[in-house]
Amino acid sequence: MGNQHVTSNLRGRRGRWALAVFAGLAAAAVSGCGGSTKTESTPQTQASHQTSAPPATATTPTTTATATTAITRPATPTQKPERAAPNEKIVLSSPAINPNGGELQSRYTCDGQDIPMPLKWRGVPPGTAELLIDVIKVKPVNGKLSFAWAVAGVPPKTHEIIDGKLPPGAITGLNGNGETKYRLCPPNGPSESYVAVIFALPHKLRVKPGFDSVALRHQAERQASYQNLQVFNYTRH
């Protein structure tokens, strides 16, 4: 996620924190894949350091003739990044998030009507076949990503979802409670942070209602042309 990919809603102090949140979600996803998936095993920055050969293991000549030649290992091939970086070509926002402090309105939580938060976006790139939208708790639950909402099959010409009214073809996956619906209900106490993420996918995802949200996120990260995010928080009293 280089500086060239930092978007308008990722600039400044909150922007730097948003990028840290994005990296933290990636780390949480690794622990949540159970070791059977290789989706997020190697960040891009680590892959670049593996392109050069490691130092020789025996550079000092000794009295043994066979040890006078330094032993070298072939460089590890450059690995393709497994996560689409945030890009300013697609921007996600919500009118339900207070611009001063980033607090979500209670109407869109279990303290209110618990209806899906409204989301708007612009800049969907040409060639997009489908959009995927996730709302995820930043702090992992038992070492795994916890979803408040996951929506796949959103047509690329759609520009908003208001009050949970999904466009034709869009379907909902499992949330953190194992339910096929939106549910944003943090425990009482300190403020909880969430992130809404949108993926622009060049190919349609073949999933059914009640899909595994974690598994589909891994798939989307490998295939997405672009993605972007919006960080927000909510405090229950």
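Quick notes on this structure:
- Heavy-atom accessible area per residue - region 104-218, 1.4 Å, Å²: 45 Å²
- In this simple spin-label model, placing a label point 7 Å from the Cα along the Cα-to-Cβ direction at both Gln113 and Thr180 gives a separation of 2.3 nm.
- For region 163-237, the spread of Cα coordinates along the three principal axes comes to 43, 24, 23 Å, biggest extent given first.
- 3J(HN,Hα) along region 135-141: 10, 10, 6, 5, 7, x, 10 Hz, from the Karplus curve 6.51 cos²θ - 1.76 cosθ + 1.60 with θ = phi - 60°, whole Hz, x for Gly and Pro.
- Projecting the Cα atoms of Gly210, Ile198, Tyr226 onto the charge dipole of region 186-237, computed from C-beta unit charges around the Cα centre, puts Gly210 farthest toward the positive end.
The values are calculated or read from the model by the stated rules, or taken from the named source; none is laboratory data. Remember, predicted model here, so these are calculated numbers, not experimental data. Cβ: placed from backbone, ideal geometry, glycine included. Neighbour counts: every protein chain shown. Side chains included, ligands, DNA and RNA excluded: accessible areas come from the protein's heavy atoms. Shrake-Rupley method; radii C 1.70, N 1.55, O 1.52, S 1.80 Å.
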